[in-house]
Amino acid sequence: MRRSKLFTKTTKNLPADETSRNAQLLIQAGFIHKEMAGVYAYLPLGLRVIERIKAIVREEMNAIGGEELIMSSLQPKELWETTGRWDDEVVDVWFKSALKNGTEVGFGWSHEEAIVETMKQYVSSYKDLPAYAYQFQTKLRNELRAKSGIMRGREFVMKDMYSCSTDADQHEAFYQATIEAYNRVFERVGIGSDTYVTFASGGAFTQFSHEFQTICDAGEDIIYLHRGKNIAVNEEVSDDATLAKLGIARDELEKVKTAEVGNIFNFGTQKSEDMDFAFTNEQGEKQFVHLGSYGIGITRLMGVVAEKFADDKGLVWPLALAPCTVYLASLGTDAKVVAEADRLYDLLTDRGVSVLYDDRDVRPGQKFADAELMGIPYRVVVSEKTLAAGRFEFQPRVGGEPQQLTEDALLQNVVSPSQ
């Protein structure tokens, strides 16, 4: 990627109508464009971050047996009436409309009913189970508030997975495997040490659930945390009965502000009974399928990472999520400098290193400021001075001073199996 060909630009000015730090920085750095409150377009650099998050999540979901599909955003009214969740008193975030023939439809805020209706066509025997399906889908929710940038939107990308099991034991085994997979996801994106499996209410999904809450000052949730026992409880269910069940006392807990980055729900057989989703067991008896639902907010996760790691200079992306590994800046218009920067760009990309090449004819200070604002992990500079010394200037985005490196040393610093 060359900056001269990238249509997006950075800006020094904070967006006047945006109060959240994550959205301010992402807009300034040219990663997203705000369409309206709670609705954002993801520009080339922002999309690269999303795709990196999705790749990590996809690997972990596939590793536990998930199979990827994609369902329709348009949802028929009749399907959701079978479980009572078409009612606005039960689910208050529906966007609803009507087709030209008068048929009422909703725009998917979740897909449990949709996956059940699909699976009913393929599951009839215990031999067809278990089955685990997931998707990356744009969800639409008519939220009353949308003030936390991409951490809480009316339109957002989610990974939602659904499990179909023969019984409670089979379901529980997968439920626990998903918890472990989610923990691996959050570890890989750099927030594992600050993310806790949290006992919570099920809201419009079920009576209880588990959330994955990340400590974040910009979050909208409050949890009570027992660091010694690694137990966390959402404020909404932190009554004495729940604490007693978990074996913890209120005075042992630390109150912290968090952002929810994932959640998992156990539906048991209730939704299957509502929708007549059944199979025949080994004895030839009709049994209802045990269902589970598992979500990770992909764009929300991007916002949480932006919030947590940003500094006074701009975004700071972990290596696993950065849109590019190296920000390559050529200084000046000297033909030899340009030729050397071009050569290095080709060399790095041939080695599999993703590079954002700032080949613009602008001041060095502007290039350096943009590199910091965009949060690219490594900055490499080619100039008349480095050319004369037979070196390249190398500097990590955080935690390091500029170094003058040979080509071999530079490659050792930026070429790794994670690329």
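The values are calculated or read from the model by the stated rules, or taken from the named source; none is laboratory data. The structure presented is a predicted model; accordingly, all values stated were derived computationally and were not measured. Positions of Cβ are generated from backbone atoms using ideal geometry, with glycine treated the same way; all protein chains shown enter the neighbour counts.
Please determine, by comparing only the residues of the stretch 245-273 that are part of a helix (DSSP H, G or I) and either at pLDDT below 95 or not assigned by TED's automatic domain parsing to the domain that holds residue 228 (or both), which one is farthest from the chain's Cα centre (by Cα). Out of the qualifying residues, it is 251. Cβ-Cβ contacts under 7 Å between residues 6 or more apart (or on different chains), taken from a first residue in the stretch 24-40 that is in the same structural domain as residue 150 (by TED's automatic domain parsing) and in a strand (DSSP E or B) to a second residue that is of a type in the set (Lys, Arg) and buried (at least 17 other Cβ atoms within 10 Å of the Cβ), are listed as 39/154; 40/34.
Hey, does the stretch 165-177 have a residue that's within 17 Å of the chain's Cα centre (by Cα) and crowded, with 21+ Cβ neighbours inside 10 Å? No: the stretch 165-177 contains no residue that is within 17 Å of the chain's Cα centre (by Cα) and crowded, with 21+ Cβ neighbours inside 10 Å. Here the stretch 140-164 is the region considered, the condition is being assigned to a strand (DSSP E or B) and either free of Cβ contacts under 8 Å to residues at least 40 places away in the same chain or of a type in the set (Phe, Trp, Tyr) (or both), and the residue that is surrounded by the fewest Cβ atoms within 10 Å (Cβ to Cβ) is 156.
Among residues of the stretch 209-243 being touching a helix residue (DSSP H, G or I) at 6+ places or on another chain (Cβ under 9 Å) and exposed (fewer than 14 other Cβ atoms within 10 Å of the Cβ), the one that is farthest from residue 92 (Cα to Cα) is 228.
Among the residues of the stretch 59-94, the one identified as among the basic types (Lys, Arg) and surrounded by fewer than 17 Cβ atoms within 10 Å (Cβ to Cβ) is 77. Confirm whether residue 147 is in contact with a Ser or Thr (Cβ under 7 Å, 6 or more places away or on another chain), assigned by TED's automatic domain parsing to the domain that holds residue 294 and among the basic types (Lys, Arg). Spelling it out, residue 147 is indeed in contact with a Ser or Thr (Cβ under 7 Å, 6 or more places away or on another chain), assigned by TED's automatic domain parsing to the domain that holds residue 294 and among the basic types (Lys, Arg). Does residue 200 meet the test of being surrounded by fewer than 21 Cβ atoms within 10 Å (Cβ to Cβ) and hydrophobic (A, V, I, L, M, F, W, C)? For residue 200, the condition - surrounded by fewer than 21 Cβ atoms within 10 Å (Cβ to Cβ) and hydrophobic (A, V, I, L, M, F, W, C) - is not met. If you filter the stretch 90-139 down to residues that are closer than 23 Å to residue 173 by Cα and of a type in the set (Ser, Thr, Tyr), you find that the one that is nearest to the chain's Cα centre (by Cα) is 134.
Residues in the stretch 261-275 that are surrounded by 20 or more Cβ atoms within 10 Å (Cβ to Cβ) and under 25 Å from residue 86 (Cα atoms): 262, 263, 264, 265, 266, 267, 271, 272, 275.
Among the conditions (1) in contact (Cβ under 8 Å) with a residue 24 or more places away in the chain; (2) within 19 Å of residue 406 (Cβ to Cβ), the only one that residue 322 does not satisfy is (2).
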